[in-house]
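A.B. asks: For reference, the structure I am asking about is given below.
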Amino acid sequence: MTIKKIQVYSLLALLAVLMAYPDIAAASPKVTADAAVLMDAKTGQVYYAKNPDKQRSPASLTKVMTIILALELGDANEIVTVSKRAENISVGSQINLRAEEKISLGDLTKAAALFSANDSTIAIAEHLGGNHDNFVKLMNQKALAIGAVNTRFVNTNGYSVPNHYSTAYDLALITRYALKNDAFAELVSTKEATIHWAENGRKMDVRNTNRLLRSDYPGIDGVKTGTTARAGNCLIASATRNGQQLIAVVLHSRNRYEDAAALLEYGFNEFEEQRAVEKGEVLGAVQVESGVHSDVAVEAGDDIVVDAPKDGGKVELKVYMPGSVPAPVEKGQQLGHAAVLYNGKVLKQVPLLATERVKEQGLWFKLRQGMAN
């Protein structure tokens, strides 16, 4: 197979992919939120974005990070002694913690997840971080590790203060990460629960603040509400249908539940899973210098499956490989990669692997070639 033939093949493959995917702009939903993102939980693919990277006050959506760290760093059965600082929290939702009370870390986390209790996040932070500020440092480190580079936390509960911010896209990333934790997914999908204190027999019934979760919206399974005067009404909502889980983030919305539902419906109704590249599919060839063969075919090392609009196309397949490589080449050796892009953004990429071994030319091979010429 020659390089020229491969270039034609790649062009035909590119044209086929381009015709298979649509421009989604015309069908995009209208939302009242100042910023919004719709993301596929499995792939991280973004289906809709409105001011996705604009830094905004996240209100109690902050607690998604507090909760996931509580689950990762602690044990639900650990007993926490409430501090005076946690008792003194008096703004927003709270479970009225009292200094020196004892309550399990699991119940504190439940209160934060369902009831958005601000005092519980302080108790969680002090217990796991040694103090509040150390825990906030852990929150920021985790955000960076997840890829939420436009996020900075100053507190654990989402009070609107200077330099406490995130973005719709970062919050979707953080939520995508958190939903991979089964305990988190179970917590944020719980409609109501009872909080129990460890010693005094005190208990409190709490109800999830997410009204979309308590509605009959099909497939809804979480995640978190947030409201402050500065942040406005905010919501992260997750829903799953036919194995596809979507995450909708709306910030400073005039109707957060309608906005989130509209985004989720858009994702479920307008997109479908499509296979852009098959594992083992030959996507080109690379010249081999001083090899017993002049070139070697390369194949996709994995499938590329993307969720794409159902009715047409603007997805681009690009093949990246060197013009030539020196012999020898081993079968399975990586010789570049293929990528599927949507609106210039890479959705997924896979390695391109040599389909066969190509030995280096030996003396006898060169002599035979010379005689043949």
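The values are calculated or read from the model by the stated rules, or taken from the named source; none is laboratory data. Note that the structure is predicted; figures quoted are calculated from it, not measured. Cβ sites come from the backbone with ideal geometry, for glycine too, and all protein chains shown count toward neighbours.
A.B. asks: Go through region 265-316 residue by residue and tally those that are hydroxyl-bearing (Ser, Thr, Tyr), assigned to a loop (DSSP other than H, G, I, E, B) and at pLDDT 90 or above.
C.D. replies: Start the filter on region 265-316 by keeping residues that are hydroxyl-bearing (Ser, Thr, Tyr), which leaves 266, 290, 294.
Subset that is assigned to a loop (DSSP other than H, G, I, E, B): 290, 294.
Remaining after also requiring at pLDDT 90 or above: 294.
Residues meeting the conditions: 1.
A.B. asks: Taking only pairs six or more apart or across chains, which ones have beta-carbon atoms under 8 Å, a first residue in region 154-177 that is without any contact (Cβ under 8 Å) to a residue 24 or more places away in the chain and outside the structural domain of residue 139 (by TED's automatic domain parsing), and a second residue that is acidic (Asp, Glu) and in a loop (DSSP other than H, G, I, E, B)?
C.D. replies: Listed pairs, sorted by first residue: none to list.
A.B. asks: If you don't mind, there's one more thing I want to ask. For region 242-264, what are the residues that are at pLDDT below 95 and outside any loop (DSSP other than H, G, I, E, B)?
C.D. replies: Scanning region 242-264 gives a single hit, 244.
A.B. asks: Let me ask you something else. Does region 200-253 hold any residues that are basic (Lys, Arg) and either touching a helix residue (DSSP H, G or I) at 6+ places or on another chain (Cβ under 6 Å) or closer than 25 Å to residue 107 by Cβ (or both), and which are they?
C.D. replies: 202, 203, 207, 211, 214, 224, 241
A.B. asks: Regarding region 355-367, can at least one residue be identified that is in contact with a helix residue (DSSP H, G or I) (Cβ under 8 Å, 6 or more places away or on another chain) and either modelled with pLDDT of 80 or more or assigned to a strand (DSSP E or B) (or both)?
C.D. replies: Scanning region 355-367 turns up at least one residue that is in contact with a helix residue (DSSP H, G or I) (Cβ under 8 Å, 6 or more places away or on another chain) and either modelled with pLDDT of 80 or more or assigned to a strand (DSSP E or B) (or both).
A.B. asks: Please work out which one of (1) outside the structural domain of residue 47 (by TED's automatic domain parsing); (2) over 28 Å from residue 182 (Cβ atoms); (3) among the small types (Gly, Ala, Ser) is the condition residue 229 fails and give its number.
C.D. replies: (1)
A.B. asks: Now, a different point. Please state which of the following conditions residue 304 fails to meet, knowing it meets all the rest: (1) closer than 23 Å to residue 180 by Cα; (2) outside the structural domain of residue 360 (by TED's automatic domain parsing); (3) not polar (S, T, N, Q).
C.D. replies: Every listed condition holds for residue 304 apart from (2).
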